[in-house]
1. Just to be sure I understand the filter: pairs with C-beta atoms under 6 Å, separated by 6 or more residues or on different chains, first member in region 94-105 and in the same structural domain as residue 76 (by the TED database), second member part of a helix (DSSP H, G or I) and small (Gly, Ala, Ser). Which pairs pass?
2. Do we find that residue 275 is at pLDDT 95 or above, among the charged types (D, E, K, R), surrounded by 21 or more Cβ atoms within 10 Å (Cβ to Cβ) and within 13 Å of the ligand (Cβ to nearest atom) in this structure?
3. For region 29-47, name all the residues that are in contact with a strand residue (DSSP E or B) (Cβ under 6 Å, 6 or more places away or on another chain) and under 15 Å from residue 114 (Cα atoms).
4. Tell me the residue from 204, 246 that is of a type in the set (S, T, N, Q) and over 23 Å from residue 356 (Cα atoms), please.
5. Going through region 194-214 one residue at a time, which ones are part of a loop (DSSP other than H, G, I, E, B) and either within 13 Å of the ligand (Cβ to nearest atom) or buried (at least 20 other Cβ atoms within 10 Å of the Cβ) (or both)?
6. Cβ-Cβ distance below 9 Å, separation of 6 or more or different chains: which pairs start in region 126-142 with a residue that is farther than 16 Å from residue 75 by Cβ and end on one that is of a type in the set (A, V, I, L, M) and surrounded by fewer than 18 Cβ atoms within 10 Å (Cβ to Cβ)?
7. Taking region 1-44, which residues are more than 16 Å from the ligand (Cβ to nearest atom), β-branched (Val, Ile, Thr) and modelled with pLDDT of 95 or more?
8. With the checklist (1) closer than 30 Å to residue 58 by Cβ; (2) within 16 Å of the ligand (Cβ to nearest atom); (3) touching a helix residue (DSSP H, G or I) at 6+ places or on another chain (Cβ under 6 Å) in hand, flag the one item residue 86 doesn't pass.
Amino acid sequence: MQLLATALLLCLGICTAAAHDDNGLARTPQMGWNTWNKFGCGISEETVLSAARALVSSGLRDFGYEYVIIDDCWQAPSRDPQTQSPRADPTRFPRGIKAVADEVHELGLKVGIYSDAGKFTCGRRFGSLDFEEIDANTYASWEIDYLKYDNCYNEGRAGYDLISFERFARMSRALNATGRPILYSLCNWGEDGPWNWATTIANSWRISGDITDKFDRYDDRCPCTSAIDCKLPGFHCAVTRIIDYSAPLGQKAGPGRWNDLDMLEIGNGGMSYDEYVVHFSIWALVKSPLVLGNDVTKMTSETLSIITNDAIIAVNQDPVGSPAVRLWREPQEAGGTVQLWAGPLANGATIIALLNTSPISQIVTIDLEKDVFMDSDVAQQKAAYRLFDLWQRADESNLVSRWGKDVGVFQSQVPSIYVDAHQIKVWKAVPADAALAVKEQYRLH
Ligand code: GLA
């Protein structure tokens, strides 16, 4: 009897904790669009539905952007006084959230909503702390598919891993108990190291304070230099800062559980083409969720060309689900750094990226043997690789674009690569003896 009781207790602890990791969702990083970066609190039913329609008409849905996420400020000034259920702002969402969700679903998309593991949300609407069950049940009744769950006004229930874990696990359990698959996107800005404890309760977790639409501007409001032991995640975090945060954390992510580098700023106007390409590439390589944050109803062709690079999207959605890691990072006299990143892809391919965050161009030689394949066996270290440049489109042999441009075969080193200021080069490397056979499969007919 006592044995049974112990087994039951163990199962209660482990079985519930493991449930979210195994909720079947986000086997590859989630993709979608969110209201916050562009519209902040200025949202309504029209903002959400016009974006959803644009995801379809622009073709973005077919590239994988499927979640339409309503961020903060959808809430009424208070909960329903009788039932305590959450309710939507009657002016901005006069038909309620369910009606919006229905229309989003009819477009072949999924719908996400936002709340907060605190007394209030960051925009001072009511939060979900101590209302987890009633809120999760309400979201399920609205047919919500995704919850972004924030960390403001947490009543001091943070500062230690276990306290944060328990506060966020409560919503995880409540979502699981609804029986509806709801992707759980935890947003505590990296406080208390969620990569160490959120893996069993959430599908993704933010690793930093809020992104800003700037490449490398230093801002004291985002004071930490590393995500590890960061006591004040803050906000106004530039892209290069978040890239530094993400570099050591890849080892903790995998199918169903991802490091979230925050929503994309591509198309919001604060960065150059090359800088947005860096932003999109690194987010894709480290397997961050790719959640657009621009006005998708008004996009330039340049913006669209970046966020629909299917070669880069395929890296993010690669079934192996193994984030690229930073192999080295060298400070430059002119400021900034040169960085080498690499990681495994399906079918024995490898992704390699050379990033130059310095303000001047650089010429760099990549050591395949000693750097990229450092942990591989000798045969792989010495092998020849065919490289495909994923920011140059289909090559002259008429391959589908997601192979990028064939730039030749290299063994041991890739010499003298020119990489401009604030630019990234991204290659898919395929063992040369296999590359031509694999290429054949992708030849257009
Ligand atoms: C926090 C989050 C943001 C956004 C706002 C909404 O700052 O980190 O992503 O959701 O709250 O108020």
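The values are calculated or read from the model by the stated rules, or taken from the named source; none is laboratory data. Worth saying up front: this structure is predicted, and the values here are computed from it rather than measured. We place every Cβ from the backbone using ideal geometry, glycine too, and count neighbours over all the protein chains shown.
1. That search, which allows pairs on different chains as well, returns 104/52.
2. no
3. Result: 32, 33, 34.
4. None of the other options fit; the residue is 204.
5. 198, 199, 201, 202, 203, 207, 208, 209, 210, 212, 213
6. 133/177; 137/177
7. 28, the sole residue that qualifies.
8. Here residue 86 clears every test but (1).
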